[in-house]
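Only one structure is covered here, and it is reproduced in the block below.
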Amino acid sequence: MSSIDGAILDFKRLDLLAFGDTALHRLDARAKVIVTALFVMLVVSHDRYQLAALFPFVIFPVALIAAGNLPFTYIARKILLLCPFVIVVGIFNPLIDRAILLHLGPFAISGGWLSFFSILTRSILTVGSAFTLLALTGFPAVCRALEQLGMPRPFAIQLLFLYRYIFVLTEEGGRAARARQLRSCGKKGMGIRSFGTLIGNLLLRTWQRAERVHIAMLSRGFDGRFHSGRETKFGRNELVFICGWSIFLLLLRFVDLSQLIGSIFLGRLP
Amino acid sequence: MSHHIVELKELHHTYPDGTVALDGVSFTITHGESVGIIGANGAGKSTLLLHLNGYLAPTSGEIEIGHTPITKETLPEIRRTVGMVFQDPDDQLFMPTVYDDVAFGPFNLGLTPAAVEERVTSALAKVEAGHLRDKPPYHLSGGEKKRVAIATVLSMEPSILVMDEPTNGLDPHARRQLMGLMKDFHHTKIFTSHDLDMVMELCDRVIVLGRGKVKADGTPLEIFSNQQLLTECRLEKPLSMQGCPVCGKN
Ligand SMILES: Nc1ncnc2c1ncn2[C@@H]1O[C@H](COP(=O)(O)OP(=O)(O)OP(=O)(O)O)[C@@H](O)[C@H]1O
Ligand SMILES: [Mg+2]
């Protein structure tokens with residue numbers, strides 16, 4: 001439990017990275033949200049057996065990470081944290097779908113493996129770009145941008161609170177688990193029974209704390225809007241950012257670059 | 001609301017589980033008064049304070065702040081007037097950095113970024129936490145959190161300051177400093193504390209709660225010289241009123 005606690009705490013670093021001061025950080029959040037959304041849509045829209053065509057898309061997160069001066073290994077580690085979940089989702093594909101679709105020299109690759117790696121690549125790309133967006137913008141600003149882009153305010157606020165309460169929940173959880181561990185004197189506690197009450201307790205405590213945090217917000221004049229020190233405007237830089245990346249990403253999607261390059265160097269691959 | 005009078009009339013509060021926390025509390029606090037609310041654990045102090053900014057609604061009875069009753073319509077205004085520091089600073093800090101947290105209130109008041117900056121800097125300076133401004137609140141020590149929590153409220157420049165055990169968890173220096181800060185706050189202040197010496201030093205009026213009732217209401221000297229009352233309410237004389245442990249003189 002304490003390690004989960006630690007991992008989540010580490011997630012808060014994403015929020016801190018958003019305080020960087022590069023041109024990308026200063027860009028209006030809406031521009032970044034729009035381009036990231038387009039990126040995710042284009043990546044996800046690929047055919048399930050498509051793998052090679054996905055690789056060039058890595059340019060987008062990598063370019064942003066470099067230009068935004070973000071710690072690459074930190075973000076890579078955060079993405080790795082999610083890989084086990086993706087593997088669980090995709091691991092049955094190779095067992096179910098055994099038709100051979102591709103020969104790479106002596107290796108015969110089945111459709112199942114192809115779609116498995118395709119899922120993995122797509123997850124890494126979308127999650128990576130989402131993390132990059134957060135690290136460049138910060139969650140509150142992303143929520144605000146979503147609201148400005150037409151998402152109903154209650155949803156935007158819900159999203160924001162969801163994000164806050166995940167931290168509240170893990171902190172409370174970490175504390176409760178520590179208390180239980182200390183008092184169970186190295187034995188297994190009281191087994192599953194005490195664990196049940198612990199979870200129930202945890203939900204109640206989180207609820208109460210969430211309520212108190214909410215009242216603290218209200219008593220400081222919270223009216224459903226999040227203000228931030230950086231008021232940004234949608235200007236020329238934003239337009240250039242959106243147009244530039246949109247054109248580039250659409251080209252990647254509909255003109256298959258890797259196949260083009262591949263066919264130049266290797267002859268034809270399916 | 002020019003005169004920030006706090007008026008409670010026959011306030012009752014019963015928690016959903018049936019615990020009677022407040023059982024007919026009435027008093028009036030006038031503008032500029034400094035009031036300490038003391039009493040045993042579970043006497044109902046925190047419950048009482050939570051009514052003052054409308055977090056808890058009375059089961060029966062009335063509360064008026066500056067002659068305005070607390071209703072749904074007046075609540076935002078009341079919450080702007082009453083600055084509240086919670087018992088647990090973790091409840092109060094929710095933004096990614098100390099700066100953001102302290103700036104949260106002023107931004108909601110609609111101040112310009114320059115004015116917000118000024119308020120944040122001065123509020124943090126008052127609690128000597130200027131060096132913490134870019135730290136995330138969850139990386140602070142308990143006492144530092146407390147100081148920042150106080151700064152978040154000071155930056156709103158409230159007319160009534162309500163604090164639940166403000167010196168709890170502070171080191172002696174920070175406690176002294178907070179007491180100085182509270183002396184400089186010339187509007188109405190209401191706080192609970194188990195730190196009776198602080199109550200003695202800062203208050204011109206003390207309200208003793210016991211089992212949800214007002215047991216006594218008077219000047220610190222009156223209250224702390226009533227030995228029978230103190231014993232009954234699980235209190236004792238502040239150290240400054242007890243004899244010197246070395247020479248035994250008063
Ligand atoms: N959420 C709640 N639900 C039910 N009962 C509660 C709740 N909160 C407090 N109580 C009860 O109400 C009574 C008054 O509690 P309160 O927190 O006001 O005490 P307090 O005077 O602030 O004590 P302390 O000095 O320990 O902070 C106590 O008996 C407590 O058990
Ligand atoms: Mg209390």
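The values are calculated or read from the model by the stated rules, or taken from the named source; none is laboratory data. Small disclaimer: the values here were computed from a predicted structure and weren't measured. FYI the Cβ positions are ideal-geometry reconstructions off the backbone, even for glycines, and counts take in every protein chain you see.
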_Given (1) exposed (fewer than 15 other Cβ atoms within 10 Å of the Cβ); (2) within 16 Å of residue B:32 (Cα to Cα); (3) within 13 Å of chain A (Cβ to nearest Cβ), number of the condition residue B:219 does not satisfy_ = (3)
*How about the range B:124-204: which helices (runs of 4 or more DSSP H) wholly inside it have at least 3 residues that are closer than 17 Å to residue B:36 by Cβ and not acidic (Asp, Glu)?*
B:172-184, B:196-202
*Consider residue A:73 against the criteria (1) assigned to a helix (DSSP H, G or I); (2) farther than 30 Å from residue A:132 by Cβ: it satisfies all of them except one. Which criterion is unmet?*
(2)
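Does residue B:139 qualify as being surrounded by fewer than 19 Cβ atoms within 10 Å (Cβ to Cβ) and more than 14 Å from every other protein chain (Cβ to nearest Cβ)?
On the way: surrounded by fewer than 19 Cβ atoms within 10 Å (Cβ to Cβ): yes; more than 14 Å from every other protein chain (Cβ to nearest Cβ): no.
No, not satisfied.
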*Out of (1) without any contact (Cβ under 8 Å) to a residue 24 or more places away in the chain; (2) surrounded by fewer than 16 Cβ atoms within 10 Å (Cβ to Cβ); (3) more than 16 Å from ligand 1 (Cβ to nearest atom); (4) not acidic (Asp, Glu), what's the single condition that is false for residue A:198?*
(2)
*With a cut-off of at least 2 residues that are within 14 Å of another protein chain (Cβ to nearest Cβ), name the strands (runs of 3 or more DSSP E) lying wholly within the range B:27-121.*
B:82-85
*Would you mind telling me which numbered condition in (1) within 15 Å of ligand 2 (Cβ to nearest atom); (2) buried (at least 16 other Cβ atoms within 10 Å of the Cβ) residue B:42 fails?*
(2)
_Unmet criterion (only one of (1) within 20 Å of residue A:38 (Cβ to Cβ); (2) at pLDDT below 85; (3) surrounded by fewer than 20 Cβ atoms within 10 Å (Cβ to Cβ)) for residue A:130_ = (2)
*Can we say residue A:232 is of a type in the set (S, T, N, Q) and either at pLDDT 85 or above or in a helix (DSSP H, G or I) (or both)?*
no
*Name the residue, out of B:93, B:75, that is in contact with a Gly (Cβ under 6 Å, 6 or more places away or on another chain), within 25 Å of residue A:164 (Cβ to Cβ) and away from ligand 1 (no atom under 13 Å from the Cβ).*
B:75
*Looking at (1) within 14 Å of chain B (Cβ to nearest Cβ); (2) out of contact with any Ser or Thr (no Cβ under 9 Å at 6 or more places or on another chain), which is the one condition that is false for residue A:107?*
(1)
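Restricting to the range B:165-190, name every residue that is closer than 22 Å to residue B:77 by Cβ and either of a type in the set (Phe, Trp, Tyr) or within 14 Å of ligand 2 (Cβ to nearest atom) (or both). Walk me through how you get there before you give the answer.
At the first step, the residues of the range B:165-190 found to be closer than 22 Å to residue B:77 by Cβ are B:185-190.
The answer is B:185, B:190.
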*asked:* Just to verify a result, which residue in the range A:9-41, among those that are of a type in the set (Lys, Arg) and more than 14 Å from chain B (Cβ to nearest Cβ), is nearest to residue A:151 (Cα to Cα)?
replied: A:30
_When residues of the range B:78-114 are limited to those that are out of contact with any Pro (no Cβ under 7 Å at 6 or more places or on another chain) and of a type in the set (Gly, Ala, Ser), the one surrounded by the fewest Cβ atoms within 10 Å (Cβ to Cβ)_ = B:114
